[in-house]
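The block underneath contains the structure these notes are about, expressed in structure tokens.
The values are calculated or read from the model by the stated rules, or taken from the named source; none is laboratory data. Just so we're clear, the structure is a prediction, and the values are computed from it rather than from any experiment. Here the Cβ positions follow ideal geometry from the backbone for every residue, glycine too, while neighbour counts run over all protein chains shown.
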Amino acid sequence: MSRNTAPAIDHRIAPRSAIARDGQPLSNSRAPSPDLAPWVGRLYVTSVSAPDTHVLSCGLFCEGSVLRIQLDGDWQAQSADGPVTRGRDVILFGPQTKRMPVQVRGGFTSVGISFRPGAMRVLGGRPEPDNADRLNDPAQIGVDRGMWLDMLRPDAEPDVWCKRMENALRLLIAHRDAATPDAVTARFERISYANPSASVGQCAEEIGIDIKRLERIVRRDFGMTPKQVLRRARALDMASHLRGVADRNEAEALMLRYYDQSHLIRDFIALIGMSPRQFVERPQPLMTFCLETRQARRLQVLDRLAPGESPPWLDRILRV
């Protein structure tokens, strides 16, 4: 399915962070400081105004663990453990094997860190298969909820929030004497961004290890098998294209990753819970936030987006 029309937008919410060229709200996100790049993929700030009575029903779909600091807003997520309700809080979201349904009442501000695969293990957290599709206690990696909430003052600028999170993370990494994640994990992450249509055997050959070892490392650090990671990457790239937060020059290449229309529809229903057409026709603000941050990270990994450079789909950044 090619994206012939602009994706549906919920005009009842107003962005306070960034706007895409088609007018939908986006998050502010940036690459981490170079010294944190082995552990961190992206930092983000998302702020949206909405009537107190407005209930946003959407979803989240992120590849790696994400430390989310919810500064305001009332959230409910359908996790692997059942429905979870939170307000102002610090939550460690595990990697998601499929879209996680989420509802938010009123406006909200969310600030966070998207971790690279393998970071949880070296920071002393639980195995990623145990964290997957769950809202987890950030204490497992040494994050103190109260301290992190206190350091993110509501009247501060987004860049100040990001710098404070980076400083706190530096102290945490040093305190826990965290090694850098496995080099095999980093190489497979890049392959999943560059060529998710590759077979597991091709990935193992490119990295220079046997398939069994690759499967063991990927499951440990991604929380999924290599085949599942590649399938998810294909779906997320296509979803990004359909929501207008991908490089338009890649549209044809993304479509060619699927054998036919039925292949695309099957993957979308299995992973995102709806058909591609439904995904375009329904507002997807939370999903779009996730996809935009992921695509910026992907272009960064593939050396197609320099640190500090605006991605091609961004129209302008607003002050939070």
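The residues in the range 74-84 that are under 11 Å from V104 (Cβ atoms) and not acidic (D, E) can be counted, and the count is 3. If you filter the range 260-301 down to residues that are out of contact with any strand residue (DSSP E or B) (no Cβ under 7 Å at 6 or more places or on another chain) and among the charged types (D, E, K, R), you find that the one that is farthest from L56 (Cα to Cα) is D260. Can you tell me which of E166, E128 is within 29 Å of E189 (Cβ to Cβ), acidic (D, E) and crowded, with 22+ Cβ neighbours inside 10 Å? The match here is E128. Of everything in the range 140-198 that's among the β-branched types (V, I, T) and not in a loop (DSSP other than H, G, I, E, B), which residue is nearest to V111 (Cα to Cα)? The extreme case among them is V160. For the range 187-206, the set of residues classified as surrounded by 18 or more Cβ atoms within 10 Å (Cβ to Cβ) and closer than 29 Å to L67 by Cβ consists of F188, E189, I191, S192, Y193, P196, C203, listed by residue number. For the range 55-107, the set of residues classified as over 26 Å from A168 (Cα atoms) and charged (D, E, K, R) consists of D81, K98, R99, R105, listed by residue number. Among what's in the range 256-280 and is out of contact with any Pro (no Cβ under 8 Å at 6 or more places or on another chain) and charged (D, E, K, R), pick the residue that is modelled with the lowest pLDDT. The extreme case among them is D260.
A residue that is within 21 Å of P181 (Cα to Cα), of a type outside the set (A, V, I, L, M, F, W, C) and out of contact with any Cys (no Cβ under 9 Å at 6 or more places or on another chain) cannot be found anywhere in the range 74-86.
In the range 163-203, which residues are of a type outside the set (K, R), more than 30 Å from M147 (Cβ to Cβ) and free of Cβ contacts under 8 Å to residues at least 40 places away in the same chain? Once the filter is applied, which keeps residues that are of a type outside the set (K, R), more than 30 Å from M147 (Cβ to Cβ) and free of Cβ contacts under 8 Å to residues at least 40 places away in the same chain, the range 163-203 yields A183, V184, I191, N195, A198, S199, V200, G201, Q202, C203.
Only strands (runs of 3 or more DSSP E) wholly contained in the range 38-139 count here; list those with 2 or more residues that are closer than 30 Å to A306 by Cβ and free of Cβ contacts under 8 Å to residues at least 60 places away in the same chain.
66-79, 89-93
Filtering the range 207-233 to residues that are touching a Leu at 6+ places or on another chain (Cβ under 8 Å) and either crowded, with 21+ Cβ neighbours inside 10 Å or of a type in the set (F, W, Y) (or both) leaves P226, R232.
Restricting the range 43-83 to residues that are among the β-branched types (V, I, T) and surrounded by 15 or more Cβ atoms within 10 Å (Cβ to Cβ), the residue that is farthest from R282 (Cα to Cα) is I69.
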